[in-house]
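Have a look at the structure below before the remarks.
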Amino acid sequence: MTDPVVAQETPYRVELKAGERYAWCSCGLSQKQPFCDGAHKQTDDLKPNVFTAEKDETVSLCGCKHTGNAPRCDGSHNRL
């Protein structure tokens, strides 16, 4: 598998905490969407996007897994 699975066609609204590390699921297989649970290990090359939140904020993380601005939603779900 080299193409991500669409986990949902809309973004996930999540609250991030400053200084916390997150691993956004890029493959779409995780049962803990929008975050990684290790399901990508059954793919060929889809790895999570690991990032640290710079501040406390509510963000829209991509649910369709086709964003060009990972892990944030860029509206790509509107073109699926």
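Some values worked out for this structure:
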item	result
Zone of THR2's modelled label, taken as backbone nitrogen in the range 22-64 under 13 Å from a point 7 Å along Cα→Cβ	44-46
Under Karplus coefficients 6.51, -1.76 and 1.60, residue-wise ³J(HN,Hα) of the range 57-69 in Hz, glycine/proline x	6, 9, 10, 9, 9, 4, x, 8, 6, 10, 4, x, 10
Contact order normalised by residue count of the chain, Cα under 8 Å, 6+ apart, percent	38
Dipole magnitude of the chain about its Cα centre (Cβ charges: Lys, Arg +1; Asp, Glu -1), debye to nearest 20	40
Lysines whose Cα lies under 17 Å from that of LYS41, excluding same-chain neighbours fewer than 8 positions away	LYS32, LYS65
Gain on full stretching of the segment that runs from ALA70 to VAL50 - 0.36 nm per residue minus C-alpha separation	6.2 nm
Peptides ranked, highest mean first, by Cβ atoms within 10 Å: ranges 8-15, 59-66	59-66, 8-15
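Bear in mind that the values in this text are calculations on the coordinates, not laboratory data. Everything numeric here is computed off the predicted structure, so don't read it as measured data. Note that we place each Cβ from the backbone using ideal geometry, even for glycine, and neighbour counts take in every protein chain shown.
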